[in-house]
Structure formats: C-alpha cells, structure tokens
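Just so you know, all these numbers are worked out from the coordinates, no wet-lab data involved. The structure presented is a predicted model; accordingly, all values stated were derived computationally and were not measured. Every residue, glycine as well, gets a Cβ built from its backbone with ideal geometry; the counts of neighbours run over all protein chains shown.
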Amino acid sequence: MAAATQQPPTHTMDPPSVHGTHSEGVSPSVPGLFTTNPPIRDALETESSQLQDETIEECLPFLLTGEGHDYRNAHGIPHLYRDRHVQFLRKQLGNLPSMFKSADPSRPWIFYWCLAGLSLLGEDVGSYRSRLIETVQPMQNETGGFAGGFGQTSHLATTYATVLSLALVGGDDAYEVVDRRSMWKWLCSLKQPDGGFQMAVGGEEDRGLLRSCHHLAAQHPPRPITRLACIRGRPHWPFQWPWGMGQTYEGGVSAKPGVEAHGAYAFCALGCLSILDSPHRTVPRYLDVPRLLSWLSARQYAPEGGFSGRTNKLVDGCYSHWVGGCWPLLEASLNGPEGPATGPADHPPMQVDDSLFSRNGLIRYILCCGQDLSKRGGMRDKPSKYSDAYHTCYVLSGLSAAQHDWRLVSARADETMMDGDVWTVSLFVKDGQIFDEEDRVGTTHPVYAIPQHKAEDCQKYFASKQGF
Ligand SMILES: [Zn+2]
C-alpha cells in the first residue's frame, strides 16, 4: 500500500510507541504501522490535513483499545455484530409497501443494499420474493427499464439495482418480472455517438459515463447479470469509447475526462472491462495498470487501515467495497487465468504476502471502526457517523473481499465470446488470522456484486430460453 511506502524503512524496526492507554491490549501481531500516527507528514497544514489528524484521533481508540466493544479477540479484534446488523437491514427493508405509496427514486437501491447485505450475513432472502415482485412490477415502464417509483422515468441505476435485487431473491417468477424485449430496446436507445451511455433517455451522460457502462454491461448478455435479462446480441458495444480518457493523471479513474479520480469509478471501469472481455485482456488494453495500481494502493491509509475514495480525502467504510472490490479484478488482469477450474484442490489458500493490499488492515478498520455499536446496528462510514443501508452493504462487501480470495481460473477464448470466464473463490486463510471464524461473511461475485450461485441460477434459467 502506498501509505506504507511513505514510512521510512526503519519504521518496522521501531517498537510501536503509542500514547496514553492506547497501547494497552494491542496485540504484538499488529504492525506499528497500524498503531501509531504516521511518522512522516507534510509540514503544510491545511483544512484537509487537520481533518485527517482528527480522523486518526477518532479512529485510534477504536482500533487500539476496542472502545465501545465488549469483546476483543487475541488480536484486539471485536466480533461482527451479525444479529444486530441483520435486524438493522430487515428494519430498513421494512415490509416493502407498494410503489404506489412511495415514489422515492432511491428505493430500488435500498432493496439491493439490504438484500445483498443480508445475503452476506448468511440470511436467506428468498422470503422477500413475493413482496419484492409486487413492489417492483409497477416500476417497470412499458418503454423498457425500471424507474425509482411508479410513473417515473426509467433510469439505468434503478434498473441495475432492481435487476440485482430480483436476482438476489431468485426464482423463476422473480426473473420473469423483467420485460427483456422492451428492456433491450430501451438500453439501445441510451447509446450515444461517443460510445457512452445516458443514464436515462435524454438524461445525464457525463457523470454516469462509466457508471452507466458498468450497469449496462452488467445487464447485457455475456455473463450472469446480463443473463438475468437474457438479452441476446450486443450491437453497440462501447469499445470505441476512449476508455483511457477516464483515467486521470493520478492513475485513478474519473467519471469523465477532466475531473477527479474516484474509487467508485475505478470499480465500475474494472467491472465493465471484465464483462466486455476477460480482464487480463481488456484492463491492460484500456487502462495503465501500474498507475492504477499505484493510485488504488494509495487509497489505503495507516493507521486507520480502511480506504479513502479520493486523494486527500478521509477513510470511509463504503470504499471497503469500491476500492476493496477492485483488487480481485486487478489481480485477474495482472495474472490472467491460472488454468482450468477443476475445483478447490487447484486453488490453494492464498498467503498474506500475495495480496495487493493489507487485508488485515481493512478487516481491522471494518470490525473496530465500521460497526455501529448501538442497539441500532448496521455499518458506518467512520465512528462519528450513523449507520445506513448503503454503508452496511458496502462495508460488508469489503469485509467479504478481504476475507476471500477470488481467482479467474479460466478465460473465454477471445473478446467475441460472450461466455467462458470462470471465477472461483476460496477462504482467505493464513497463520495468525486476525478475525474469528464466526465473523467471516459470505461471498459476493467480484464483477456482479451478488453471490455467485444467485448469478448462476439466473444464468441457467435464461440460458434455457430461446430469444426473448
Ligand atoms: Zn461512504
């Protein structure tokens, strides 16, 4: 991680010198990097540097003394408050009243965040199937796509969230909600001459350029989600779009040329490229991988251990997913397929030194700082913030990324192929694992952000159908 490169080489030789009572109870297994203030700092004080200092002060007690947590394991790591987080998400999801009663455009996202979060926590979300179907059916427009509420315009983001939610609850009746023919026409109408896509007909293209490509690619035919909608053919792929222009001078990816790099766009770019073709071919073709690697690495901070979304911004739990989710895709683009998928025997556990980021640093941040410690439950941005469904979903996704090892074990023959990429997942284990096994969450597919078997169930269902 780049934060580590700012440390003098002798740093690890120094015993952790922590002020006050902070050192009490800190396991010797925790590197000094994660227990002390950064030894090198810019002499220029700015509003950003002050906020950064305050954030470290805010996080350190949670990291070091387990403030607010009544349990800490031998590594000083608290449990995942699974039951409270389940309760929080179920409450957020409510009883899914009809969309006729509510027209909040973010509601499909609430469905996705809660259902994905519950799945990661090991809950069966199939019980929400009929209520979800009843709720989202009126949100589908005859002209194609899903709106945020009844009578609203279809939008790529709400369509994406709705399709993922239907895949999460699973079942033929859920898949059948999607009108694939009108969806296909609508998706094609969003295509722009420059290769990008509008988020809605006549709507923004700029800010959503990459985001929309990711959402759209995720709904196109080649792989699981696209097979959710099972729309065949791909007449207008955005290959002519100048992908490199989304990469900034810093090496990160921005929403459009000329604006600041942001973690969420890095994930969308990598995800989209991994759908269009196998990542070891598309990612190096359209992005400068070493520079992206450098920028992503610089997103992990010490001593906090979590990720920030932009340069000089603060650590925030949701980037555990947006940045944390980039690593398996980046690893796949660097390594390519490692041979045929013949099962776990060919997939030995990954060792810590193989990781491109500090998994333990991220896990420590999430479990110490990312959990709402009140009875409310849920996950949060940082200790001074309240939990919400968005952060609960993406913090748990990030925890999953840190606790598991995804590998691309087989790749499609070439970019003309719609199919053939095979990803496998194994538990990330190593000597001195810092979290308790009961605090391991479920897996989520590196490209589609839903459990792999949910994606595969959908794929199977639509693969058996002819045409629309
Ligand atoms: Zn956030």
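The range 251-320 and the range 423-462 have Cα centres separated by 21 Å. Just to be sure I understand the curve: with the Debye formula and one point per C-alpha of the range 41-150, what is log10 I(q)/I(0) at q = 0.17 Å⁻¹? Per q value, in the given order, log10 I(q)/I(0) is -0.87. In this label model, Val429 and Asp53 are separated by 4.6 nm, measuring between points 7 Å along each Cα→Cβ vector. The per residue volume of the convex hull around the alpha-carbon atoms of the range 382-468 is 157 Å³.
Could you estimate the translational diffusion coefficient of the range 240-320 from the Stokes-Einstein equation, with Rh from the Kirkwood formula over C-alpha pairs, at 10 °C and 1.306 mPa s, in whole µm²/s? Mind showing how you got there, number by number?
Values: Rh = 12.9 Å.
Once the numbers are plugged in, D ends up at 124 µm²/s.
Using 0.36 nm times the number of residues separating Asp414 and Asp436, minus their current alpha carbon distance, what extension gain do you get?
Computed gain between Asp414 and Asp436 is 3.8 nm.
Packing here is the average count of other Cβ atoms within 10 Å per residue, and on that basis the peptides 43-50, 28-35, highest first, run 28-35, 43-50.
For the ranges 455-462, 325-332, what's the packing order if you count other beta-carbon atoms within 10 Å of each residue, average per peptide, and put the highest first? The partial results should precede the final answer.
On the way: 455-462: 19.2, 325-332: 24.6.
Ranking the peptides 455-462, 325-332 by packing returns 325-332, 455-462.
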